[in-house]
Amino acid sequence: LFAGELVAGETERALARRVRQLMLEEGADDPGWSMVVSGRGGYDRLLASPRERVLERGELIWLDIACLVDGYWSDHSRAGIVGAEPAPEQLELQERVIAATHAGIAAVRPGTTLGAVADAAALPGEAAPGRIGHGLGLGSTEPPDVVHGSERVLVPGMVFTVEPLAVREHGIYQAEAVVCVTDDGCEVLTRAPEAIAVV
């Protein structure tokens, strides 16, 4: 996900370009978006474009990327620390997010609702976000949304993300997963490691 080791002095924009190039080299038809967020106090920029900001040792780098392959979109986000181990608080937050993501995935089965998935994936003690996931397929972000109160019933073949998150001054914590509803549950399509990487 981090396209090899980070280069000293690399910027958010340079990393985003490298990630897009890697997606093309690995078979993507369109690299879609590559959001890169870094820097203490700047992690509220979830949907912002990468900047000419130099990535610094010891800080968390969050990436949210999408690509198109054979007419269908994928989407996932992961984080890494530049040249250092995550702090205990960062590890704890990521573990909580992973547990919430897995709880949401465990709730996915035909006949249940997207609201039930959102309820299962809620992070205790965190403000409820507008959505905890979204549809994925011919569009990179499409209906239906995974939101509390949704009565949309799951049927086999539906594909959507499960992505609770926590945002702090020192990072964005998320383990976004893409799932496909099957006849008796779901298949997780995302294969990237969920732990915070050391890069």
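Could you tell me whether any residue of segment 101-111 is open to solvent by less than 20 Å² (accessible area, probe 1.4 Å), closer than 16 Å to Val179 by Cβ and touching a Cys at 6+ places or on another chain (Cβ under 6 Å)? Show your work before the answer.
Looking only at segment 101-111, we keep the residues that are open to solvent by less than 20 Å² (accessible area, probe 1.4 Å), and these are 101, 104, 107-108.
Next cut, closer than 16 Å to Val179 by Cβ only: 101, 104, 107-108.
Then drop every residue that is not touching a Cys at 6+ places or on another chain (Cβ under 6 Å), which leaves 108.
Checked against the condition, which is being open to solvent by less than 20 Å² (accessible area, probe 1.4 Å), closer than 16 Å to Val179 by Cβ and touching a Cys at 6+ places or on another chain (Cβ under 6 Å), segment 101-111 yields at least one hit.
Do we have Glu85 as acidic (Asp, Glu), open to solvent by 10 Å² or more (accessible area, probe 1.4 Å), outside any loop (DSSP other than H, G, I, E, B) and under 14 Å from Ile196 (Cβ atoms) here? It is false that Glu85 is acidic (Asp, Glu), open to solvent by 10 Å² or more (accessible area, probe 1.4 Å), outside any loop (DSSP other than H, G, I, E, B) and under 14 Å from Ile196 (Cβ atoms). Checked against the criterion of being closer than 21 Å to Leu63 by Cα, at pLDDT below 95 and among the hydrophobic types (A, V, I, L, M, F, W, C), the candidates Leu123, Leu136, Leu189 yield just one match: Leu123. For Ser49, the conditions (1) open to solvent by less than 50 Å² (accessible area, probe 1.4 Å); (2) among the polar types (S, T, N, Q); (3) modelled with pLDDT under 90 all hold with the exception of (1).
When segment 6-53 is filtered for residues that are free of Cβ contacts under 8 Å to residues at least 60 places away in the same chain, over 18 Å from Cys67 (Cβ atoms) and of a type in the set (A, V, I, L, M, F, W, C), the ones remaining, listed by number, are Val7, Ala8, Ala14, Ala48. The residues of segment 130-163 that are of a type in the set (Gly, Ala, Ser) and within 13 Å of Val181 (Cβ to Cβ), listed by number, are Gly133, Gly135, Gly137, Gly157. Of all residues in segment 129-183, those being in contact (Cβ under 8 Å) with a residue 24 or more places away in the chain and part of a strand (DSSP E or B) number 21. Please go through segment 84-116 and give me each residue that is among the hydrophobic types (A, V, I, L, M, F, W, C) and either under 27 Å from Gly71 (Cα atoms) or free of Cβ contacts under 8 Å to residues at least 24 places away in the same chain (or both), ordered by number. Within segment 84-116, Ala99, Ala103, Ile105, Ala106, Ala107, Val108, Leu114, Ala116 qualify.
For segment 143-199, how many residues meet the condition of being on the phi > 0 side of the Ramachandran plot and more than 18 Å from the chain's Cα centre (by Cα)?
Going through segment 143-199, the residues on the phi > 0 side of the Ramachandran plot turn out to be 149, 157, 171, 185.
Subset that is more than 18 Å from the chain's Cα centre (by Cα): 149, 157, 185.
Within segment 143-199, residues that are on the phi > 0 side of the Ramachandran plot and more than 18 Å from the chain's Cα centre (by Cα) number 3.
Just one of the listed residues (Ala127, Ala192, Ala166, Ala116) is touching a helix residue (DSSP H, G or I) at 6+ places or on another chain (Cβ under 8 Å) and of a type in the set (A, V, I, L, M), namely Ala166.
Filtered by the rule that a residue be over 16 Å from Ala120 (Cβ atoms) and either assigned to a loop (DSSP other than H, G, I, E, B) or open to solvent by less than 30 Å² (accessible area, probe 1.4 Å) (or both), segment 184-199 gives Asp184, Leu189, Thr190, Arg191, Ala192, Pro193, Glu194, Ala195, Ile196, Val199.
When Arg109 is tested against (1) at pLDDT 95 or above; (2) among the charged types (D, E, K, R); (3) under 30 Å from Ala14 (Cβ atoms); (4) assigned to a loop (DSSP other than H, G, I, E, B), exactly one condition is not met: (3). In segment 19-31, the qualifying residues are those that are in contact with a strand residue (DSSP E or B) (Cβ under 9 Å, 6 or more places away or on another chain) and crowded, with 17+ Cβ neighbours inside 10 Å, and the one that is modelled with the highest pLDDT is Ala28. Could you identify the single residue in Leu68, Leu60 that is farther than 16 Å from Glu169 by Cα, touching a residue at least 40 places away in the same chain (Cβ under 8 Å) and within 17 Å of the chain's Cα centre (by Cα)? Of Leu68, Leu60, the one residue that is farther than 16 Å from Glu169 by Cα, touching a residue at least 40 places away in the same chain (Cβ under 8 Å) and within 17 Å of the chain's Cα centre (by Cα) is Leu68.
The values are calculated or read from the model by the stated rules, or taken from the named source; none is laboratory data. In this text the structure is predicted, and so the values were computed from the model without any measurement. Note: ideal-geometry Cβ built from the backbone for every residue, glycine included; neighbour counts use all protein chains shown. All accessible areas refer to the heavy atoms of the entire protein, side chains included, with ligands and DNA or RNA removed. Shrake-Rupley method; radii C 1.70, N 1.55, O 1.52, S 1.80 Å.
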